[in-house]
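Asks: Next up is a structure, given as structure tokens.
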Amino acid sequence: MKTPLIYGLYMALAGLLLNLGLYFAGFHSEVEKLGTAQTISTIGGIVFGVGLLVLGVKARRAEIPATEDFGYGRALWAGVQIGIFASIFGVITNFLYMGVINRGLKELMVQAQIAKWEALGMSSDRMEQAEKMMRTMMNPALQAVFGLIFGIVICSIIALIVAAFLKRPASDNLTPPVAA
């Protein structure tokens, strides 16, 4: 349980560091730069997620003696556990980032979306309704629930793939066979 917890924490901290980097680089302060920031966050999140899931599953596999099976199911479960902890810690770091460090990010996200709607020619009545719905969805409790669900699902999908490459059959005998 310790290894998935540690690697889940690493994943959440990597996401927080990525957000802090974008914040200090000015990508989370202007509507025009927010799209680029979201692209960088998505790509960076995938890279960190895959990399840390691979490292975490390998670390968990190393903890299991070679004489025991570390098959697909065990490798998958290790990846899912990492994803669960990463999602829990990710919700916490997201609250920290959006509630303490960058309180204006939610409003910036709303303004960016309104700009997109205006560019599409959406009527002002529809924009008002959509903005109201968007602000409702930005409720911290709803964000936590969706963040947990989304994080666990995405990490589980990645773990399905990672487990296929990192499974290990049990070794019945660690010494090579002797020729008679």
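The values are calculated or read from the model by the stated rules, or taken from the named source; none is laboratory data. For clarity, every value in this text was computed on a predicted model and none was experimentally measured. Heads up, the Cβs are rebuilt from the backbone with ideal geometry, glycines too, and the neighbour counts pull from every protein chain shown.
Asks: For residues in the range 99-108 being free of Cβ contacts under 8 Å to residues at least 40 places away in the same chain and in a helix (DSSP H, G or I), which is surrounded by the most Cβ atoms within 10 Å (Cβ to Cβ)?
Replies: Here the answer is LYS106.
Asks: For the range 109-125, name all the residues that are free of Cβ contacts under 8 Å to residues at least 12 places away in the same chain and not in a loop (DSSP other than H, G, I, E, B).
Replies: Scanning the range 109-125 gives LYS116, GLU118, ALA119, SER124, ASP125.
Asks: Same structure, new question: So which residues in the range 25-40 are touching a residue at least 24 places away in the same chain (Cβ under 8 Å) and not in a loop (DSSP other than H, G, I, E, B)?
Replies: Residues satisfying the conditions are VAL31, LEU34, GLY35.
Quick grid of which residues meet (1) among the acidic types (Asp, Glu); (2) at pLDDT below 95; (3) in contact with a Leu (Cβ under 6 Å, 6 or more places away or on another chain):
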site	(1), (2), (3)
TRP117	no, yes, no
GLY121	no, yes, no
ARG126	no, yes, no
GLU131	yes, yes, no
GLN143	no, yes, no
PHE146	no, yes, no
ILE157	no, no, no
SER171	no, yes, no
PRO177	no, yes, no
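Asks: Counting only residues that are in contact (Cβ under 8 Å) with a residue 24 or more places away in the chain and more than 26 Å from GLU32 (Cβ to Cβ), which one in the range 126-146 is surrounded by the most Cβ atoms within 10 Å (Cβ to Cβ)?
Replies: Across the range 126-146, the extreme among qualifying residues is ALA144.
Asks: Please state which one of LYS58, LYS2, LYS33 is out of contact with any Ser or Thr (no Cβ under 9 Å at 6 or more places or on another chain) and modelled with pLDDT of 95 or more.
Replies: After ruling out the rest, the residue left standing is LYS58.
Asks: Another question about this same structure. Quick one: would you say ILE64 is modelled with pLDDT of 90 or more and within 24 Å of LEU148 (Cβ to Cβ)?
Replies: No, not satisfied.
Asks: Let me confirm something: among ILE40, ILE82, ILE46, ILE88, which residue is surrounded by fewer than 14 Cβ atoms within 10 Å (Cβ to Cβ), among the β-branched types (Val, Ile, Thr), closer than 22 Å to ILE158 by Cβ and out of contact with any Asp or Glu (no Cβ under 7 Å at 6 or more places or on another chain)?
Replies: Going through ILE40, ILE82, ILE46, ILE88 in turn, just one is surrounded by fewer than 14 Cβ atoms within 10 Å (Cβ to Cβ), among the β-branched types (Val, Ile, Thr), closer than 22 Å to ILE158 by Cβ and out of contact with any Asp or Glu (no Cβ under 7 Å at 6 or more places or on another chain): ILE46.
Asks: Take the residues of the range 4-31 that are among the hydroxyl-bearing types (Ser, Thr, Tyr) and surrounded by fewer than 19 Cβ atoms within 10 Å (Cβ to Cβ): which is nearest to ILE64 (Cα to Cα)?
Replies: The selected residue is TYR23.
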